[in-house]
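Computed from the coordinates by the stated procedures, all read-outs in this text should not be read as laboratory data. Note that this is a predicted model, so its numbers are computed, not measured. When we count neighbours, we look across all protein chains shown, and the Cβ atoms used for this are built from the backbone with ideal geometry, even at glycine.
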Amino acid sequence: MEQLRTFASVSREWLLLIKETPSFWRLAASDLSLPLLRQVLSRSKGYMLDIVYSLQSSSEDIPIGQFTALVVEHVHRWRSLVAWDYSRACDIFQRLTYLSAPMLEVLDCQGMNQTVIDLFSGEAGRLRDVKLCGVCIPWESKMLSGLQTLDLERVWIGSPSGGQLLAILAASPGLIELKLYTFDLIEDALPTPPQMVSVDLPMLETLVTKDIPNQLTYNLLSAIHIPRCTTFEISYSHESDSDIGLFNDPALAHIKSLLITWIRESPLVTITWDNEGVTMDLSTPTGTATLLFVTVTDDWYFPVPAGLSSALEEAGPSEINLIFACSTMPSSILQYLGPSQSCITKIYTIGLDEFGTSDLMQFLAEPTMVDGVAERPLLKLEYLSFEHCSLEREGLLEAISSYSRYEGSGDDEQKGMSSATVPQPFVPFHLKIVECDTEAILTPEDIEALRSILGDSNFTYVLDT
C-alpha cells in the first residue's frame, strides 16, 4: 500500500490510473484500516484477491471477526489465503469451514494443532499449492488433489497415515515439490511395502523430509518414482552405530540408481559430518541433491550409510571434499569410504578434539594396504585444513613429514609390507591451520620445515586470536 501511495502522489493521471486498475487492489490484509480494506474490496472489482491474516497488529487493525466477515463475502474470488495467526487460528479456520473457494490456488496456514478442521468443506477445486503447519484437515479432502506443491509441518493431532499420504500423492501426479517436517504417523494404518501401490511422480523436482518416522521415510521412498528429482534432502534417524540400510535395500534400488546418476553428473561431492549427522551435497547441472542422516544416540559417530558408500564407489565421482565439523574419528569414516578415498581432494576439519586430530594424523602417516600392496593414503589429497582444532605439534610434523616422503619402499618390509610396492608419486598439497589459541603450536623453525616439505607457498598458518 505504501508503494501505491507513492505512485499516486506523482500526478493526478497516475492517481486516476491506480484507482481504476483492479489488479493494484488485490491484497486484503488484516492489518489494514477499515476504510482502506473497504477500498481494496471495492476497487478490486471482479479481480482475484490475496487474503492475509497478519501476525503483526496495531491500534488501527480491524477486529479479526469483522475482517473475516468482510472478506468472506468475496470468497468466490480468493486466489490465495495466508493465515499465520497462531493465537486466533482456530477461530479463523472455523469460520472458513462451511465456505467454498472455487478460485483458490494457494493455501498457507499455520495453527496450534488443536483439532481437525475441514477447510472450505474440501471445495477448492483449483488449489495447487498447500502449506499446512500445525493445521490438520481431513486427509481424504477433495482439495488435496491436482497439487503442484505440498508442505506439511508439525502435524501431530490427526496426522495422516502412510496410506493416506500415498493417496494424496497419487492424486497429484503433477506434484513438483514435496516437503514433510516433524509429524507423527498413525502406525496402525501404515502399509508395508508389498501392500503399497507404486506412485509415479514424473514432475517432482524437490523432496525434503525431516523428523518424520523412519518407517514412513522408507515406505515413501519404496513407493514413489521420481526420475526428475534434483533437490533431494532426506533426514533419517538411526538408533545404533551400525550401517544404515536406507540405500542398500532392494526395495529402494530405484532411489540408489537415481543417487548414482546424480553423483556421475556432479563434478564435486561434498560430505559433511557435523552435529546434525552426515550430509552429502551434490552440485549437478540440473540442481542440487542433499542427503542428511541424523543420529539420535552417539554425538560423535555418524556412520556412512552402506548404500551411500557403495553408490559412491559405483559412480566414481571426480572429486570428493570431506568436512569434519564434530568430534568424530576421521579414520573410521575414511576407511568406511573404501575405494572412494581415491577421489578425496580436500579435507576440512573444524573443532576436532585431540583424539580426532591424532586419529587423522596417524591415518595420514601410515600407508594403506591394497591387495597386499602398500599405497599412500588419499592419493589425490591437495588440501588439508585445521580450524580451531586441538593439534599436537609432534604428531602434526610427523604426519606431514611421513605423508610427503612415503614412496612405498625402504621400511616397508619391517612393517610387514610387500617389497614389490610400486612407488607412488607425491601430490603436493596445501596445508592450512587456523587456531583460536593465543599461543602458536608451531615455531618459526617448524613453519620453515613444513614449507620445505610441502613447497613454498603451499603452507598457510593463521593464528586467530
Qualifying chymotrypsin sites (Phe, Trp or Tyr not before Pro) in segment 108-176, DSSP loop, other Cβ atoms within 10 Å at most 13: W156
Calculated FRET efficiency for the pair S401/E73, C-beta based, R₀ 60 Å, to 0.05: 0.15
Surrounding net charge for E177, when Lys and Arg each add one and Asp and Glu each subtract one, Cβ distance under 9 Å: -2
Potential extension, Y383-E448 segment - 0.36 nm per residue separation minus Cα distance: 21.6 nm
Positive minus negative residues near L96 (Lys, Arg vs Asp, Glu; Cβ under 12 Å): -2
Neighbourhood charge, 10 Å Cβ-Cβ cut-off, centred on F386 and excluding it, Lys, Arg +1 and Asp, Glu -1: -1
